[in-house]
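The next block holds one structure in the form of structure tokens; read it before the comments.
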């Protein structure tokens, strides 16, 4: 049972019945910010000091309907022994409790792109990566601790390539108008002797995809091979910056456009 012991208590906060609304979800904000060691597990728990004063309870402050997450969401101490709710009475429940960690406003982060450091000491909520390159864009970050040192690297998030040009190569399709209103037109271009040519306007079989700046695919349209210009209705998009990706037999290419 020793591996279930949550270890050293780093913070506790006493509540009374006036702080809670019974028989519904409650949100408790810590009165004091608590530093979290990213290399360690974080355990959250509660105990009742006077269960008899809580109406309609039988000693558990909150459980869900399962299925149980054995050894994680249902651990308790009973008769000075650590055990799971299932071990105690074969109940297939988890204790309903979660924690949300928020970065202190003045803390900065370092952003990594495809394994390399992209930005250091970034202060803010949203970072826009202007003109990234590559077929896949993978990001992760680390937090600069206020008292020195850095956190462990976060999990990595990868999105499809959304760069405008790569290695100085000129884009092989045209997007217009840009900025655009409710419609966007696509014209394919071919390379002839290293130069752009409009000799072949016909679009190959493929797909046009539109992504937002967070890499989320918002629209997907099949290409019309019989037309030199492909029309896309973008009236459902909000104003902002977007990326349009052409995927055909030649591979994929991306352009950036603005929706007014």
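Please treat every number below as a calculation from the coordinates, not as lab data. Nothing here was measured: the structure is a model prediction, and the numbers come from that model. FYI the Cβ positions are ideal-geometry reconstructions off the backbone, even for glycines, and counts take in every protein chain you see.
Tabulated values for the structure
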read-out	value
Ascending count of other beta-carbon atoms within 10 Å, so fewest first, for 218, 9	9, 218
Residue exposure sequence - 21, 143, 254 - by fewest surrounding Cβ within 10 Å	21, 143, 254
Per-residue Cβ neighbour rank within 10 angstrom, fewest leading, 105, 64, 16	105, 16, 64
Length released on extending from residue 26 to residue 111, taking residue separation times 0.36 nm less the Cα-Cα span	27.2 nm
Length released on extending from residue 147 to residue 65, taking residue separation times 0.36 nm less the Cα-Cα span	25.4 nm
Spatial extent of segment 108-160: Rg and Dmax, with the Cα atoms as the point set, Å	11.5, 38
